[in-house]
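Engineer: Supplied in structure tokens, the structure appears directly below.
The values are calculated or read from the model by the stated rules, or taken from the named source; none is laboratory data. What you see is a predicted model; the values in this text were computed from it and never measured. Quick reminder, even Gly has a Cβ in these numbers, built from the backbone with ideal geometry, and neighbours come from all protein chains shown. Surface accessibility is based on the protein's heavy atoms, side chains included, excluding ligands, DNA and RNA. Shrake-Rupley method; radii C 1.70, N 1.55, O 1.52, S 1.80 Å.
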There are 2 protein chains.
Amino acid sequence: MREPMTEPMSEPAKRKAISNKGTPETGRSLLNGVSLPAAAIFEAPLSHNLAWMQRFAEAHGAHLAPHGKTTMTPALFRRQLEAGAWGITLATAPQCRAAFASGVPRLLLANQLVGEANMAIVAGLIEAGAEFYCVVDGEANARALGRFFAARGLTLNVLIELGVPGGRTGCRSPERVFELARLVDAEPALQLAGMEGYEGVVTDASQGADPVPAIRDYAARLVECAQRLDRDGLIGVGEPLVTASGSAWYDLIAEAFDAAELRERFTPVLRPGCYVVHDHGLYRQAQRGVLARRPDLHEGLKPALEVFAQVQSLPEPGLAIVALGKRDIGFDQLPEPLRRYREQGPREGGRADETLSVAGWRLTRLMDQHAFIELPAGSDDVAVGDIVAFGASHPCLTFDKWRQVLLVDDALSVREMMETRF
Amino acid sequence: MREPMTEPMSEPAKRKAISNKGTPETGRSLLNGVSLPAAAIFEAPLSHNLAWMQRFAEAHGAHLAPHGKTTMTPALFRRQLEAGAWGITLATAPQCRAAFASGVPRLLLANQLVGEANMAIVAGLIEAGAEFYCVVDGEANARALGRFFAARGLTLNVLIELGVPGGRTGCRSPERVFELARLVDAEPALQLAGMEGYEGVVTDASQGADPVPAIRDYAARLVECAQRLDRDGLIGVGEPLVTASGSAWYDLIAEAFDAAELRERFTPVLRPGCYVVHDHGLYRQAQRGVLARRPDLHEGLKPALEVFAQVQSLPEPGLAIVALGKRDIGFDQLPEPLRRYREQGPREGGRADETLSVAGWRLTRLMDQHAFIELPAGSDDVAVGDIVAFGASHPCLTFDKWRQVLLVDDALSVREMMETRF
């Protein structure tokens with residue numbers, strides 16, 4: 001047996017870059033200069049989606065606070081704010097800290113703020129000038145927040161969450177909302193700033209029936225709660241927030257806010273997150289529903305996020321193993337091969353218009369670092385090294401696999417490296 | 001409607017820390033100072049596992065090159081090397097770069113090296129002094145590697161992979177192995193350094209039958225291939241590698257290597273990865289199989305990785321929503337609530353011995369940031385803010401959710417923040 005090698009590493013070697021998901025310079029091509037697998041966002045559909053959803057919100061008299069948990073990518077937060085977003089929605093206190101540190105001044109934590117360490121993070125953000133809102137749905141949490149922020153000498157904006165029986169978080173009835181509002185009113189450090197809801201849980205609770213009527217009812221109840229709290233003088237801010245909407249049913253929420261003319265008195269806020277890169281699965285399907293309900297919208301969102309990976313082995317007829325795994329792409333549904341390219345030499349410049357067929361390719365299994373592709377008979381043109389673009393369902397769980405995503409143009413040239421802040 | 005807030009952020013605010021998964025100082029307690037959710041590794045079972053697997057390998061005359069893709073945590077790589085590991089196994093070229101940069105001098109890429117950008121990463125590592133091995137299983141890849149490394153004036157150590165029909169990568173027969181060995185022999189820049197296999201794919205191919213005999217056969221074929229390549233003078237190094245084993249069937253591989261007395265002539269290398277923190281699911285179950293086959297081993301591996309999260313909402317009787325989601329923990333199987341603690345005040349010091357019951361708790365659904373817990377009747381002592389420790393199946397897909405994992409002692413005090421390098 002050989003002895004274990006024990007020489008210490010040289011300092012220069014140790015100092016070499018340690019990011020392990022590739023650090024290509026901008027200007028390189030996905031076809032010949034970038035370490036794959038890599039997650040890529042296409043510029044054109046990204047710009048389309050940013051403008052589309054902003055227009056959609058404004059057309060309904062609503063603000064947009066895109067859910068930032070989807071991407072946790074400051075470069076995308078910046079583009080969302082530049083496109084006119086009112087703020088960014090986040091799911092956790094550390095996410096809020098990351099967004100604020102990257103230049104987002106207005107933060108909507110669409111969850112209960114629990115735990116003193118998380119409260120301390122938020123207190124720090126408020127002290128640093130953040131405009132911050134979070135959600136409450138119960139007495140214990142409201143009292144804990146009241147105590148903590150009073151001790152810090154700060155005022156915390158809270159939104160009461162309306163839930164549904166059998167749903168996720170949120171008060172189960174308007175009565176509970178009003179009880180909680182009175183309790184918030186009695187906590188000097190808490191300022192009731194409006195109502196919050198998430199219609200996605202209504203879908204779950206509707207157990208297979210058409211969820212549209214239930215979502216419309218829920219949106220109406222949410223609006224009514226806000227209006228009653230306002231009439232009762234329980235809201236402490238000038239233009240209270242009313243906010244809901246994920247990425248699947250935002251049209252129903254927007255319509256309810258619009259029909260109630262919330263914009264005259266309230267600050268209506270929509271919070272879709274996945275729209276920014278859309279997807280090739282769940283949300284593409286949901287978008288078909290939106291467009292069916294709203295033929296006036298014409299062209300909808302476009303999928304912008306793909307993961308590029310290479311054929312690693314062709315070990316037997318009819319089977320390609322691709323170097324793509326659960327470490328690289330979301331797998332709520334199995335990823336879908338979209339296009340294929342031949343890898344190009346360093347001086348070939350990346351000819352992205354020459355795509356090869358993936359017709360009949362079927363991804364049958366995804367391991368941590370490998371995808372199994374069943375090839376149709378006669379797939380003789382497939383080569384080890386071929387580059388395959390994959391689409392996935394549910395972009396959140398693709399973003400969180402990457403420390404950076406690559407913004408690319410139609411020619412697959414990298415325009416920008418966007419860091420993620422998970 | 002209010003105008004969007006457009007004031008630029010102050011520079012000090014922008015400069016605030018932007019990591020979003022909490023940056024607790026060591027010495028804080030998971031019960032009162034750390035932003036949750038957080039991934040924690042317990043010191044005692046970690047040390048036990050490190051020593052256990054090293055002893056196991058040595059007792060079978062084998063070296064250990066733990067699969068680093070599991071954790072991608074340099075602080076764990078260091079502990080593995082200190083415990084006596086021969087090297088670290090990785091799954092991709094960027095992972096190899098990350099390991100080398102963090103002080104690992106000997107790298108085993110247990111995959112085909114595909115794509116010129118990835119080859120360039122490896123060339124850089126070899127030039128910087130890394131001892132590097134990768135896997136080949138086909139002519140096209142071998143030729144591409146031969147061309148690339150010849151052009152760089154470097155020699156690449158390759159291991160031929162033996163697969164199984166219906167499996168993942170790897171030559172489907174010994175005959176293909178020998179053909180490929182002759183081709184490697186003819187490539188001046190390639191040096192055949194031994195044989196590689198992965199018995200996990202045998203399990204998959206055995207379709208429900210007891211895989212043990214098939215794995216033993218596979219291991220024997222792998223050894224025979226190496227011995228024949230050696231006899232035929234096709235191996236270019238002095239003590240050729242023979243390497244296999246994931247985290248479920250390592251005992252069978254070790255026994256086959258031991259029985260063939262590989263250590264007399266070869267460098268036998270085992271590559272389990274998940275052993276280092278073990279798990280509460282798949283690998284715990286696999287370990288029962290190892291201990292059943294090997295009653296001499298007595299005490300086996302111990303689960304060391306848990307994710308701590310807080311009860312966020314108690315919205316209706318029988319339901320707790322915990323701030324734990326697919327963003328925080330692997331979900332090959334649904335996570336399992338293990339213990340519960342009451343959150344403690346900043347001066348209470350974290351009394352980890354006072355646990356509360358999770359008997360009858362059932363995690364029924366995991367969303368991106370929320371877990372649904374069905375509580376048994378009479379769960380009156382559950383409070384918002386309660387801290388729940390969760391175990392998961394398959395540690396790889398928990399590690400890759402985190403930029404840092406916290407090494408904790410039995411009292412739940414943070415001893416070290418370990419950065420991950422995904």
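Engineer: Any chance region B:327-341 includes a residue that's in contact with a Gly (Cβ under 8 Å, 6 or more places away or on another chain), in contact (Cβ under 8 Å) with a residue 40 or more places away in the chain and over 30 Å from A:Leu334 (Cβ atoms)? Show your work before the answer.
Structural biologist: Residues of region B:327-341 that are in contact with a Gly (Cβ under 8 Å, 6 or more places away or on another chain), as a first pass: B:332-333, B:335-336, B:338.
When the remaining residues are screened for being in contact (Cβ under 8 Å) with a residue 40 or more places away in the chain, the result is B:332-333, B:335-336, B:338.
Of the ones still in play, those that are also over 30 Å from A:Leu334 (Cβ atoms) are B:338.
Yes - at least one qualifying residue is present in region B:327-341.
Engineer: Regarding region A:37-57, can at least one residue be identified that is open to solvent by less than 10 Å² (accessible area, probe 1.4 Å) and facing chain B (nearest Cβ under 10 Å)?
Structural biologist: Yes.
Engineer: Please enumerate the residues belonging to region B:370-405 that are within 13 Å of chain A (Cβ to nearest Cβ), outside any loop (DSSP other than H, G, I, E, B) and small (Gly, Ala, Ser).
Structural biologist: If the condition is that a residue be within 13 Å of chain A (Cβ to nearest Cβ), outside any loop (DSSP other than H, G, I, E, B) and small (Gly, Ala, Ser), then B:Ala371 is the only one that fits.
Engineer: Still on this structure, I have one more. Between B:Val269, B:Val307, B:Val290, which is within 19 Å of the chain's Cα centre (by Cα), of a type outside the set (S, T, N, Q) and away from chain A (no Cβ under 14 Å)? First the steps, then the outcome.
Structural biologist: Details: B:Val269 fails: away from chain A (no Cβ under 14 Å); B:Val307 fails: away from chain A (no Cβ under 14 Å).
Criteria check complete, one pass: B:Val290.
Engineer: Give the number of residues within region A:125-141 that are free of Cβ contacts under 8 Å to residues at least 60 places away in the same chain, within 28 Å of A:Asp217 (Cα to Cα) and more than 8 Å from chain B (Cβ to nearest Cβ).
Structural biologist: 3
Let's see how each residue does on (1) farther than 29 Å from B:Arg294 by Cβ; (2) in a loop (DSSP other than H, G, I, E, B); (3) under 17 Å from the mean Cα position of the chain (by Cα):
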| residue | (1), (2), (3) |
| --- | --- |
| B:Leu76 | no, no, yes |
| B:Arg79 | no, no, yes |
| B:Gly84 | no, yes, no |
| B:Cys96 | yes, no, yes |
| B:Ala99 | yes, no, yes |
| B:Gly103 | yes, yes, no |
| B:Leu108 | no, no, yes |
| B:Val114 | yes, yes, no |
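Engineer: Let me ask something else about it. For region A:288-324, how many residues are open to solvent by 10 Å² or more (accessible area, probe 1.4 Å), outside any loop (DSSP other than H, G, I, E, B) and over 27 Å from A:Ile387 (Cβ atoms)?
Structural biologist: 8
Engineer: It is to be established whether one or more residues within region B:205-214 are more than 24 Å from B:His60 (Cβ to Cβ), touching a helix residue (DSSP H, G or I) at 6+ places or on another chain (Cβ under 7 Å) and open to solvent by 10 Å² or more (accessible area, probe 1.4 Å). Talk me through it step by step, then tell me what you get.
Structural biologist: Step one: filter region B:205-214 for residues more than 24 Å from B:His60 (Cβ to Cβ), giving B:205, B:207-209.
Applying the additional criterion that residues be touching a helix residue (DSSP H, G or I) at 6+ places or on another chain (Cβ under 7 Å) yields none.
For region B:205-214, residues more than 24 Å from B:His60 (Cβ to Cβ), touching a helix residue (DSSP H, G or I) at 6+ places or on another chain (Cβ under 7 Å) and open to solvent by 10 Å² or more (accessible area, probe 1.4 Å): absent.
Engineer: Moving on. Kindly indicate whether any position in region B:142-157 is among the polar types (S, T, N, Q), away from every other protein chain (no Cβ under 11 Å) and either closer than 25 Å to A:Glu374 by Cβ or in contact (Cβ under 8 Å) with a residue 60 or more places away in the chain (or both).
Structural biologist: Filtering region B:142-157 down to residues among the polar types (S, T, N, Q) leaves B:155, B:157.
Those still in the list that are away from every other protein chain (no Cβ under 11 Å) too: B:155, B:157.
When the remaining residues are screened for being either closer than 25 Å to A:Glu374 by Cβ or in contact (Cβ under 8 Å) with a residue 60 or more places away in the chain (or both), the result is B:157.
Scanning region B:142-157, I find at least one residue that is among the polar types (S, T, N, Q), away from every other protein chain (no Cβ under 11 Å) and either closer than 25 Å to A:Glu374 by Cβ or in contact (Cβ under 8 Å) with a residue 60 or more places away in the chain (or both), so the answer is yes.
Engineer: Mind checking which pairs have a first residue in region A:402-422 that is without any contact (Cβ under 8 Å) to a residue 60 or more places away in the chain and a second that is basic (Lys, Arg) and assigned to a loop (DSSP other than H, G, I, E, B), Cβ under 7 Å, 6 or more apart or different chains?
Structural biologist: none
Engineer: Filter region B:138-163 for residues that are of a type outside the set (D, E, K, R) and open to solvent by 10 Å² or more (accessible area, probe 1.4 Å) and give the result. Explain how you work it out, then say what you get.
Structural biologist: Restricting attention to region B:138-163, the residues satisfying the condition of being of a type outside the set (D, E, K, R) are B:138, B:140-142, B:144-146, B:148-151, B:153-160, B:162-163.
Once the filter is applied, which keeps residues that are of a type outside the set (D, E, K, R) and open to solvent by 10 Å² or more (accessible area, probe 1.4 Å), region B:138-163 yields B:Gly138, B:Ala140, B:Ala144, B:Phe148, B:Ala150, B:Ala151, B:Gly153, B:Leu154, B:Thr155, B:Asn157.
The rows are residues; the columns are (1) out of contact with any helix residue (DSSP H, G or I) (no Cβ under 7 Å at 6 or more places or on another chain); (2) open to solvent by 30 Å² or more (accessible area, probe 1.4 Å).
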{"position": "B:Val201", "(1), (2)": "yes, no"}
{"position": "B:Leu229", "(1), (2)": "no, no"}
{"position": "B:Val237", "(1), (2)": "yes, yes"}
{"position": "B:Ser247", "(1), (2)": "no, no"}
{"position": "B:Glu261", "(1), (2)": "yes, yes"}
{"position": "B:Phe266", "(1), (2)": "no, no"}
{"position": "B:Leu270", "(1), (2)": "no, no"}
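Engineer: State whether the residues of region B:80-96 include one that is of a type in the set (Ser, Thr, Tyr), open to solvent by less than 10 Å² (accessible area, probe 1.4 Å) and in contact (Cβ under 8 Å) with a residue 24 or more places away in the chain. Break it down into steps so the answer makes sense when it comes.
Structural biologist: Keep residues of region B:80-96 that are of a type in the set (Ser, Thr, Tyr), which gives B:89, B:92.
Next, from what is left, pick out any that are open to solvent by less than 10 Å² (accessible area, probe 1.4 Å): B:89.
From the residues that got through so far, the ones that are in contact (Cβ under 8 Å) with a residue 24 or more places away in the chain too are B:89.
Yes: region B:80-96 contains one or more residues that are of a type in the set (Ser, Thr, Tyr), open to solvent by less than 10 Å² (accessible area, probe 1.4 Å) and in contact (Cβ under 8 Å) with a residue 24 or more places away in the chain.
Engineer: Which residue pairs have Cβ atoms closer than 8 Å, lie 6 or more positions apart in sequence or on different chains, and pair a first residue in region A:195-215 that is in the same structural domain as A:Asp137 (by TED's automatic domain parsing) with a second residue that is of a type in the set (Asp, Glu) and surrounded by fewer than 17 Cβ atoms within 10 Å (Cβ to Cβ)?
Structural biologist: Pairs found: none.
Engineer: So B:Glu316 passes all but one of these: (1) more than 24 Å from A:Leu109 (Cα to Cα); (2) free of Cβ contacts under 8 Å to residues at least 40 places away in the same chain; (3) within 12 Å of chain A (Cβ to nearest Cβ). Which condition number does it fail?
Structural biologist: Only one criterion is unmet by B:Glu316, namely (1).
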